[in-house]
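K.L.:
Once you've had a glance at the structure underneath, I'll fire off some questions.
The values are calculated or read from the model by the stated rules, or taken from the named source; none is laboratory data. Just so it is clear, the model here is predicted, and its values are computed rather than measured. Cβ coordinates were reconstructed from backbone atoms using ideal geometry, including for glycine residues, and neighbour counts include every protein chain displayed. What goes into the accessible areas is simple: the full protein's heavy atoms, side chains included, and nothing from ligands, DNA or RNA. Shrake-Rupley method; radii C 1.70, N 1.55, O 1.52, S 1.80 Å.
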Amino acid sequence: MSPEGPQVFRSFLEILDYKPAYQVITLFAPVGLMKEPVPKGRRCEQEARRLLGWPRSSAIVSAPARQALVATSYEEATRLNGGHLSPVSWNQFRRIAEVDKDIAPYWQRTVFEVHPELSFFQISGDKPVRYSKHSEPGIEERRRILVARLPGVERILDAHLPRISLAQLLDAASCLWTARRIVSRAVSRLPEDPEWDDLGLRMEFVR
């Protein structure tokens with residue numbers, strides 16, 4: 001069955017409230033946050049880096065501590081996050097805070113945190129991709145992998161949506177692959193024995 005064409009939603013809550021309800025939502029955003037900053041981030045992020053190895057491990061960015069989400073500037077967020085904060089995380093702060101506000105433990109029957117690099121690792125037979133998704137070789141590599149394993153994926157990759165890049169469409173397609181694995185109960189988890197945050201959320205990657 002070919003995948004449907006991609007859609008852009010205005011908010012995370014709009015996805016949760018969509019009718020008919022989604023059976024599985026794979027989310028490339030942190031689900032569950034540490035209350036205070038921890039060196040090298042959550043255990044799921046540390047294990048993902050070890051699994052991918054250098055240089056792909058650099059794609060796994062540590063989620064900020066929950067206490068940092070109140071910040072209104074990069075400098076304040078960095079201070080509240082123990083003095084270290086990736087500019088990538090800061091650029092995603094609004095979305096991270098949105099997910100943290102709207103997610104609840106019962107949603108983890110439907111919503112699963114994923115990472116495209118881990119999805120591509122699984123699609124490729126537990127081998128990391130070679131190139132960054134921000135390079136032409138990386139774009140070509142990821143497209144080749146998806147076209148070979150996910151029939152009809154061109155419907156996603158060839159879509160033209162405002163302000164959506166091909167790299168983002170490749171990420172979305174890889175997350176769709178993982179969503180199908182979740183439905184078929186064929187997934188792996190990092191870590192196998194997850195941590196739980198102060199709100200009762202499992203902190204794990206599914207791939």
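K.L.:
Of all residues in the stretch 149-165, how many are open to solvent by 40 Å² or more (accessible area, probe 1.4 Å) and either within 18 Å of residue 117 (Cβ to Cβ) or touching a strand residue (DSSP E or B) at 6+ places or on another chain (Cβ under 6 Å) (or both)?
P.N.:
2
K.L.:
Which condition breaks for residue 45 when tested against (1) among the charged types (D, E, K, R); (2) closer than 24 Å to residue 131 by Cβ; (3) open to solvent by 30 Å² or more (accessible area, probe 1.4 Å)?
P.N.:
Checking residue 45 against (1) among the charged types (D, E, K, R); (2) closer than 24 Å to residue 131 by Cβ; (3) open to solvent by 30 Å² or more (accessible area, probe 1.4 Å), the one that fails is (3).
K.L.:
Here are some conditions: (1) acidic (Asp, Glu); (2) free of Cβ contacts under 8 Å to residues at least 12 places away in the same chain; (3) crowded, with 21+ Cβ neighbours inside 10 Å. Residue 117 meets all but one. Which one does it not meet?
P.N.:
Only one criterion in (1) acidic (Asp, Glu); (2) free of Cβ contacts under 8 Å to residues at least 12 places away in the same chain; (3) crowded, with 21+ Cβ neighbours inside 10 Å is unmet by residue 117, namely (2).
K.L.:
Looking at residue 83, is it at positive phi, modelled with pLDDT of 95 or more and more than 19 Å from the chain's Cα centre (by Cα)?
P.N.:
Yes; evaluated as a whole, the condition is true for this residue.
K.L.:
Residue under question is residue 60, and the condition is that it be within 23 Å of residue 161 (Cα to Cα), buried (at least 16 other Cβ atoms within 10 Å of the Cβ) and modelled with pLDDT of 95 or more; does it hold?
P.N.:
no
K.L.:
Then there's this: Show the residue pairs meeting these rules: Cβ distance below 8 Å; 6+ apart or different chains; first residue within the stretch 5-30 and more than 18 Å from residue 177 (Cβ to Cβ); second residue open to solvent by 70 Å² or more (accessible area, probe 1.4 Å).
P.N.:
Once the first residue is more than 18 Å from residue 177 (Cβ to Cβ) and sits in the stretch 5-30, its partners that are open to solvent by 70 Å² or more (accessible area, probe 1.4 Å) give 8/162; 9/18; 12/95; 15/22.
K.L.:
Can you report the number of residues in the stretch 1-54 which are closer than 28 Å to residue 69 by Cα and among the small types (Gly, Ala, Ser)?
P.N.:
The total comes to 5.
K.L.:
For the stretch 91-106, which residues satisfy the criterion of being charged (D, E, K, R) and either without any contact (Cβ under 8 Å) to a residue 12 or more places away in the chain or crowded, with 17+ Cβ neighbours inside 10 Å (or both)?
P.N.:
Passing the criteria: 94, 100, 101.
K.L.:
A follow-up question, please. Out of 76, 47, I need the residue that is among the acidic types (Asp, Glu), over 28 Å from residue 188 (Cα atoms) and modelled with pLDDT of 95 or more. Which one?
P.N.:
76 is the lone residue from the list that is among the acidic types (Asp, Glu), over 28 Å from residue 188 (Cα atoms) and modelled with pLDDT of 95 or more.
K.L.:
Can you tell which of 139, 164, 145 is aliphatic (A, V, I, L, M) and out of contact with any helix residue (DSSP H, G or I) (no Cβ under 8 Å at 6 or more places or on another chain)?
P.N.:
164
K.L.:
Now, a different point. Would you mind stating whether residue 39 is open to solvent by 40 Å² or more (accessible area, probe 1.4 Å), at pLDDT below 95, farther than 20 Å from residue 202 by Cα and not charged (D, E, K, R)?
P.N.:
Criteria not met by residue 39.
K.L.:
Separate question: If only one of 142, 109 is at pLDDT 95 or above, of a type in the set (D, E, K, R) and surrounded by 14 or more Cβ atoms within 10 Å (Cβ to Cβ), which one is it?
P.N.:
142
K.L.:
If you go through the stretch 123-130 one residue at a time, do you hit one that is among the β-branched types (Val, Ile, Thr) and farther than 24 Å from residue 45 by Cα?
P.N.:
Within the stretch 123-130 (the criterion being among the β-branched types (Val, Ile, Thr) and farther than 24 Å from residue 45 by Cα), the answer is no, since none of the residues qualifies.
K.L.:
Considering only residues that are within 21 Å of residue 172 (Cα to Cα) and either part of a loop (DSSP other than H, G, I, E, B) or open to solvent by 30 Å² or more (accessible area, probe 1.4 Å) (or both), which ones fall in the stretch 186-207?
P.N.:
186, 187, 188, 189, 207
K.L.:
A follow-up question, please. Part of a loop (DSSP other than H, G, I, E, B) and modelled with pLDDT of 95 or more: is that true of residue 68 in this structure?
P.N.:
no
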